[in-house]
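Trainee: One structure follows; several queries about it will come next.
The values are calculated or read from the model by the stated rules, or taken from the named source; none is laboratory data. As the structure is a prediction and not an experimental result, all values here were calculated from the model. Cβ sites come from the backbone with ideal geometry, for glycine too, and all protein chains shown count toward neighbours. Ligands, DNA and RNA are stripped out before the accessible areas are found, and what is left, the full protein with its side chains, is counted by its heavy atoms. Shrake-Rupley method; radii C 1.70, N 1.55, O 1.52, S 1.80 Å.
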Amino acid sequence: MSKQEEKISQLIEKRAECRLGGGEKAIEKQHQRGKYTARERIAMLLDEGSFEELDMFVTHRCTNFGQDKKHILGDGVVTGFGTIEGRLVYVFAQDFTVFGGSLSETMSQKICKVMDMAMKMGAPVIGFLDCAGIRLQESVDALNGLGQIYLKEAEASGVIPQISAVFGTCGGGLTAVPAMCDFNFIESSKGRMFVNAPNTIPGNRADKCDTSAAEYQSKETGCVDGVGTEDEILSSIRDLISVLPDNNGTGGLTEPCEDDLNRACENLSGMKGDPRYVFSEIADDHVFVETKKDYAKDMVTGLIRLNGTTVGVVANGTEVYDEEGKKTEEFANVLSARGCQKAAEFVSFCDAFDIPVLSVTNVKGYKASVCSENNLAKAMAKLTYAFSSASVPKVNLIVGEAYGSAYVTMNSKSIGADLVYAWPDAKIGMMEAELAAKIMYADESADVIREKAKEYDALQSSVLSAARRGYVDLIIEPETTRKYLVAAFEMLYTKSVSESPKKHGTK
């Protein structure tokens, strides 16, 4: 064997060693736990044969506490690039079979390097988290590495989409990594996210309330967009990538549309309580990608396509139906603090990536509870600011009630909506006509109040009254909603807003 052939043979052996990570036994244990390995997850996510690994021969430089005798190629994270439906993406996946996937100085350097490449190339970055925590043997070096990851995420925010998935443990300061991403998923049975472990919280234990569990995190924290098996999460990420632009400089995402642009949407008005159905009906090919599905269900956010253009959608929700059409949950049509926060974050994301925004309004006030009251003013201010400051095309569709300042906050004409459409039976005004009449004519008889309520409804609360004042641009029939929205965003495609001299707002 020649020297060149010998080098090639050694390289092949080293590559095989890298791909084994912590070894065959460690990989087998991972499978016994019902989990895929880091490389298996990447292979399942990306187009077949497209993954190119980076820094597979890197090892740590720590010599303390016996670490000088433990050098495993790759050092617990797999990084590289590949394609999803032909589009370039960058990935990093913590490898639990190597040092428990613990974060080291070297691991952070590898992650930061792949994020730098993603920003240079203007491509999304996807991270898989499965980690035992900070590598204790490296202490401050590993902590510094964690801070560097935070910094890279801040630099990448609003520049490229950042997506993460928690397949194992993600605790302490590492929880900020998925929380700083634009989208995050968590595996339903083995995924764990926590700042403080459940048993360390005074008065709580995991068997009482597992605050680290996927279900809790998804419903309570606002940091999770979807929960599922590993296969379901990988599929969801591919679906998400299909509707996201590569970066903030591409001007949104537009692809060919084969769906009928004038397609009628039957029975739309009967399902206005569940905007998930409305969005699925009006979207190209009925595809609606929902975000933060389990958090603040009274506010629905997600992404659809209209005539091939990705559009961010935000809506008040009062009902939830299952796949069989049965109502499973019901809410009042009011703004809650969590709902406002959820919508504000999503609108800000859309504005950063030039994604037009469609809001669907059906709201009559604010949630009345002590818990909500503690946070509501700040949350509604954030949502109002998000809609007001967004420079992307903005369309508001009023499908039900639109009363008071809650209506104003929901992307009304007064805070900058480019176009406002409404269905014929929509109600727009300060409050319900009967309540207004009772306040204005408190000392009058019931007959007088009924008469004045009808008069108030006609003069101040009807959709026609709002349209006559210019607050509604067009009254449309529900079944024609798709074609009018397609035309609206087509007209607004070239919208341009001069940049403000200020650095940025404070909300």
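Trainee: For the chain, what is the accessible area per residue in Å² when the probe is 1.4 Å?
Mentor: Spelled out: the 1.4 Å probe surface of the chain, per residue, equals 46 Å².
Trainee: Same structure again: For the chain, with the dipole built from +1 on Lys and Arg beta-carbon atoms and -1 on Asp and Glu ones, taken about the Cα centre, which of 270, 58, 117 lies farthest toward the positive end?
Mentor: Going by the charge dipole, the pick is 58.
Trainee: State, as an integer percentage, the relative contact order of region 262-338 based on alpha-carbon contacts under 8 Å between residues 6 or more apart.
Mentor: Contact order relative to length: 24 percent.
Trainee: For region 267-422, just run the numbers: alpha carbon Rg, then divide by 2.2 N^0.38 Å, N being how many residues it has. List each step's numbers first, then the result.
Mentor: Numbers: Rg = 14.2 Å, N = 156, 2.2 N^0.38 = 15.0 Å.
Compactness ratio reported: 0.95.
Trainee: Can you sort 170, 257 by 1.4 Å-probe accessible area, starting with the largest?
Mentor: From most accessible down to least: 257, 170.
Trainee: Now for a separate question. For the charge dipole of the chain, defined by +1 on Lys and Arg C-beta atoms and -1 on Asp and Glu C-beta atoms about the Cα centroid, which residue among 494, 372, 249 has the Cα displaced farthest towards the positive pole?
Mentor: The residue sitting most towards the positive pole is 372.
Trainee: Another question, then. For the chain, what's the relative contact order in percent, using C-alpha pairs closer than 8 Å and at least 6 residues apart?
Mentor: 9
Trainee: Using the Cα centre of the chain as the reference point, and only Cβ charges (+1 on K/R, -1 on D/E), how large is the resulting charge dipole? Debye, rounded to the nearest 20. List each step's numbers first, then the result.
Mentor: Numbers: 56 positive and 73 negative charges, 313 e Å.
Value, rounded to 20: 1500 debye.
Trainee: Additional query: As I understand it, the value is the acute angle between the Cα axis of helix 105-121 and the longest principal axis of the Cα atoms of the chain; what does it come to in degrees, rounded to 10?
Mentor: Rounded to the nearest ten degrees, it is 50.
Trainee: Oh, and also: Determine which residues of region 88-106 fall in the zone a paramagnetic label at residue 150 would reach in this model, i.e. backbone nitrogen under 20 Å from the point 7 Å along Cα→Cβ.
Mentor: So the set is 102-106.
Trainee: Quick one: how many Å² of residue 39 are accessible to a 1.4 Å probe, rounded to 10?
Mentor: Spelled out: residue 39, probe radius 1.4 Å, area about 50 Å².
Trainee: Once the Cα atoms of region 206-337 are picked out, what are the Rg and Dmax in Å?
Mentor: Cα-based Rg and Dmax for region 206-337 come out at 16.3, 54 Å.
Trainee: Sticking with this one: Please check the chain for the longest run free of GluC sites (Glu not before Pro) that are loop-located per DSSP (anything but H, G, I, E, B) and have at most 11 other Cβ atoms within 10 Å.
Mentor: Within the chain, the longest run free of exposed GluC sites (Glu not before Pro) spans 325-498.
Trainee: Would you kindly state how much longer the chain becomes between residue 286 and residue 47 on full extension, computed as 0.36 nm times their sequence separation minus their alpha carbon distance, in nm to one decimal?
Mentor: 83.6 nm
Trainee: Further, regarding this structure: Roughly speaking, what is the stretch gain from residue 85 to residue 375, that is 0.36 nm per residue apart minus the C-alpha to C-alpha distance, in nm to one decimal?
Mentor: Once the chain is fully extended between residue 85 and residue 375, it gains 100.2 nm.
Trainee: Probe radius 1.4 Å, ligands and nucleic acids ignored: give me the carbon and sulfur share of the accessible area of the chain as a rounded percent.
Mentor: Using a 1.4 Å probe with all protein chains present, the chain comes out at 51 percent carbon and sulfur.
Trainee: Treating the angle as unsigned and between 0 and 90°, give the value, to the nearest 10°, between the Cα long axis of helix 481-491 and the longest Cα principal axis of the chain.
Mentor: Value to nearest ten degrees: 70.
Trainee: In degrees between 0 and 90, to the nearest 10, how far off the longest principal axis of the chain does helix 230-243 point, with axes built from Cα atoms?
Mentor: On a 0 to 90 degree scale, this one is about 60.
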